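Read the structure below first, then the notes.
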């Protein structure tokens, strides 16, 4: 002990050293305890992390099932039901036509027509219900054409409106498909008595086809579909003008003889079924006009 240090100062210094040593021992003991628990702690933390990760995976799978897998499965199911309804309607109509050819018994044909119409109306109803939730890329003009034709035949104008609206609103169509959509729209307008808009839709359908010589037969087909409706509605002037255009088209070199014969035969058959209206001259001149040379 130096002369400058008092007994009290020496005692305080000793106490400080003792406290420091005790604190150090406490820290070492704590570290040893934590070291003993490290393995268990690591396992616990690893298990917790694994459980969290598994939970995230299950949540993702559940969300995928709810928002991706199930909607896609439902879409495929709706599309399948839609196509089945379209194919069923087309098949029933084909069977009826074959029966008419094979057995002309009026009573049998009437019974068959009644049963077929009822079944086709069910197919139309199914297709219409499925169509609401189908994407545009899942729907084709050919399918809508079948449904529209059958709707017109069955007198279901409300369903026809649904199919026409979908057809004309489809995007990404080829010129021919766009023309078909407009032609169907024209038929719908004529069916509901809107003759002016009906003819405008047919004119738009012809324009959509373009001016290539290779589409002459397609244009003639559209006119063959339009002329009887103009005739039946009493639009004599346009019926006569369109008949002349039809004759020029089918007599052009671009239209093969067999296609010309089919178009003429089809037009004559439809015109022959129409009641006599105020345009008898159009019907009388049909053979002369369509068979003449340009």
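No value in this document is a laboratory result; all are computed from the given coordinates. Computed from a prediction, not measured in an experiment: that's the story for all the values here. A quick note on method: Cβ atoms are made from the backbone with ideal geometry, for glycine too, and the neighbour counts reach across all protein chains shown.
Computed values, structure above
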item	result
Segment 194-294: C-alpha gyration tensor shape, a/c 1.5 cut-off, then a/b vs b/c	oblate
Shape category assigned to segment 187-250 from the gyration tensor of Cα positions, a/c cut at 1.5	oblate
Packing-based order for 196-207, 114-125, 251-262, using average beta carbon neighbours within 10 Å, highest first	196-207, 114-125, 251-262
Packing rank of 129-142, 90-103, where each peptide gets the mean count of other beta carbons within 10 Å, highest leading	129-142, 90-103
Pair residue 105, residue 259: separation of 7 Å Cα→Cβ label points (nm)	4.2
Cα gyration tensor shape of segment 101-196, rounded if a/c is under 1.5, else prolate or oblate by comparing a/b with b/c	prolate
Gain in span if fully extended, residue 114 to residue 200, counting 0.36 nm per residue against the direct Cα distance	27.6 nm
Highest average packing first - 235-245, 168-178, Cβ atoms within 10 Å	235-245, 168-178
Estimated FRET transfer efficiency (residue 98, residue 241; beta-carbon r; R0 51 Å; 0.05)	0.85
Residue-span extension gain [residue 268 to residue 76] - 0.36 nm each, minus C-alpha spacing	64.8 nm
Sorted by Cβ neighbour density within 10 Å, fewest at the top, the residues 76, 215	76, 215
Extension gain from residue 142 to residue 91, taking 0.36 nm per residue of separation minus the Cα-Cα distance	16.9 nm
Segment 104-156, Cα convex hull volume normalised per residue, Å³	77
